[in-house]
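Reading through the structure tokens given below for one structure.
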């Protein structure tokens, strides 16, 4: 989650693009993936009637706290919800995109600001107030550019020098970050400094990756189903 926001932030201005309406749902998808990777939630096993990733419900595996406020808040919602919900529904609920007034309680509020505060505490961002004509806005410029460049280089390498052409052989966190960065519309920030040739290669390989069939990839040995379920949800939306 922190990495996705960091990639989306303008370094000096300290805010995400006003035109980016994808990052909110991308961050919520990241929360579900992180909870799955930490062994707190999982997808119900496939059955004859529920084979597809988006038909299967998100189930609680462990309610032990993670130590992260956003993760634990989401975990509490998942634990308390009956009947259980699918990945796509959870992304909508956590983002607040629901017509059901009784489900608005599941919306995670101020997610970007809360993640930014975590990055401020780690010394990666700072906090400033900027005046935008009619209102003041809290911004979070990047102070530790080395950390952001390390992250950018890691993603660039994953689709260039270290490209493996098989998601099952990729580091699963790198795979998740590529999927989330694409879904959050922040990959342009990662590849924009590349030469034209490398930019084209990086974008084409990422396109090939996110256009794989999540239903096929999710059934492969050692696949992290939640990554592919989140991708399937974004592909459908």
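The values are calculated or read from the model by the stated rules, or taken from the named source; none is laboratory data. Just so it is clear, the structure is predicted and the values come from calculations on it, not from any experiment. Glycine also receives a Cβ, built like all others from the backbone with ideal geometry; neighbour counts cover every protein chain displayed.
Is there a residue in region 222-230 that is part of a helix (DSSP H, G or I) and more than 16 Å from the chain's Cα centre (by Cα)?
Among the residues of region 222-230, not one is part of a helix (DSSP H, G or I) and more than 16 Å from the chain's Cα centre (by Cα), which makes the answer no.
Taking residue 94, is it in contact with a helix residue (DSSP H, G or I) (Cβ under 6 Å, 6 or more places away or on another chain) and over 28 Å from residue 209 (Cα atoms)?
The answer is no for residue 94.
So, in region 144-155, exactly how many residues are surrounded by fewer than 17 Cβ atoms within 10 Å (Cβ to Cβ) and in contact with a strand residue (DSSP E or B) (Cβ under 7 Å, 6 or more places away or on another chain)?
0
Does any residue of region 134-154 turn out to be without any contact (Cβ under 8 Å) to a residue 60 or more places away in the chain and under 18 Å from the mean Cα position of the chain (by Cα)?
Scanning region 134-154 turns up at least one residue that is without any contact (Cβ under 8 Å) to a residue 60 or more places away in the chain and under 18 Å from the mean Cα position of the chain (by Cα).
Taking residue 86 as the residue in question, decide whether it is under 24 Å from residue 172 (Cβ atoms), touching a residue at least 12 places away in the same chain (Cβ under 8 Å) and surrounded by 20 or more Cβ atoms within 10 Å (Cβ to Cβ).
Yes, satisfied.
Residue under question is residue 111, and the condition is that it be in contact (Cβ under 8 Å) with a residue 60 or more places away in the chain, more than 20 Å from residue 7 (Cβ to Cβ) and touching a helix residue (DSSP H, G or I) at 6+ places or on another chain (Cβ under 9 Å); does it hold?
No; evaluated as a whole, the condition is false for this residue.
Being within 22 Å of residue 27 (Cβ to Cβ) and either surrounded by 15 or more Cβ atoms within 10 Å (Cβ to Cβ) or modelled with pLDDT of 95 or more (or both) narrows it down to one residue among 192, 237, 158; which is it?
Going through 192, 237, 158 in turn, just one is within 22 Å of residue 27 (Cβ to Cβ) and either surrounded by 15 or more Cβ atoms within 10 Å (Cβ to Cβ) or modelled with pLDDT of 95 or more (or both): 158.
With the requirement that a residue be surrounded by 13 or more Cβ atoms within 10 Å (Cβ to Cβ) and assigned to a helix (DSSP H, G or I), what does region 114-143 give you?
114, 115, 116, 117, 118, 119, 120 - these are the residues of region 114-143 that are surrounded by 13 or more Cβ atoms within 10 Å (Cβ to Cβ) and assigned to a helix (DSSP H, G or I).
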